[in-house]
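Have a look at the structure below before the remarks.
The values are calculated or read from the model by the stated rules, or taken from the named source; none is laboratory data. None of the values given here were measured: they were computed from a predicted structure. What goes into the accessible areas is simple: the full protein's heavy atoms, side chains included, and nothing from ligands, DNA or RNA. Shrake-Rupley method; radii C 1.70, N 1.55, O 1.52, S 1.80 Å.
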Amino acid sequence: MASSSVFSPLLRALRPSTSCSGRSSATHAVPADNSAAAVVAAGGAAPRPAPLAAVVSHRRELLLGTALGAAFLKAPLTAEAREVEVGAVLPPAAANPGFVFFRATPKDTPALRAGNVQPYEFILPPTWKQTRVANILSGNYCQPKCAEPWVEVKFEDDKQGKVQVVASPLIRLTNKPNATIEDIGSPERLIASLGPFVTGNTFDSDELVDTSVEKIDGQTYYSYVLETPLALTGSHNLAKATAKGNTVVLFVASASDKQWQSSEKVLKSIVDSFKV
């Protein structure tokens, strides 16, 4: 079964042209009934049956051409065709010169459409691009009652790093309905549960470098700095989490050693801007 992906309206796909101008105008008639097919020999000789192998070969060529054409139309597009720089579609961030402003809406993800996640926002450099979230990771298959965390949106830049929003059902972390992040526990307890969704594989408490707690518009956020040399996401990770409604929302920025050297301040600005 073909894989599927969830797209935000930011992602634009270039569709292959269906023009057939490159085809030859010449056509070859293929007899509908092989047994009745005949060729006339020179000199008015009696008709004789056309070679069956030639007819079969011609039909095979037609079928092969049709199959290849269908495969081309269904083939996944290149990364360049699927993505667009966010600076081309998002408004400038008024309070943060040099950045653009992203606010998620129900058009962006299945969870927002289902009301399982409250709208969130953050800033991005204009050269970043939104990338595909695989259907199996998007929560599309389990909304509105997902039992496991899912990925909301992802953005990246080859030179600076990547960010993603991960949402986790509150019931996975506490039995208290509409719990605040403080009800779940300390910053250390929360990251112990959600750490693998930061790193992409495993989490060790020794990788936690720093934590902080802040309130923004009455909403409490836990922030983290992690050094994760074995992480799939990157050796440097920043994260920010809060709980609202029946979901814990985790914002993660990741970078390799090379990316971190030049983009540490940019990634910190992005994470600092995150709000639900």
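Any idea how many Lys pairs in the range 230-276 come in under 19 angstrom at the alpha carbon, given 8 or more places apart or on separate chains? Before the final figure, lay out the partial values.
Values: Lys240/Lys265; Lys240/Lys268; Lys240/Lys275; Lys244/Lys275; Lys258/Lys268; Lys265/Lys275.
So the count of such lysine pairs works out to 6.
Which of the aspartates and glutamates could be linked to Lys176 by a straight reach, that is with a Cα gap under 18 Å, when you skip same-chain ones fewer than 8 residues away?
Answer for Lys176, where 18 Å is the Cα cut-off: Glu148, listed by chain and number.
Would you kindly find the accessible area of Leu232, with a 1.4 Å probe and non-protein molecules such as ligands, DNA and RNA excluded, rounding to the nearest 10 Å²?
About 130 Å², ignoring ligands and nucleic acids.
Can you pull the percent of the range 212-276's accessible area that's carbon plus sulfur, 1.4 Å probe, other chains left in place?
Carbon-and-sulfur percentage of accessible area, whole number: 51.
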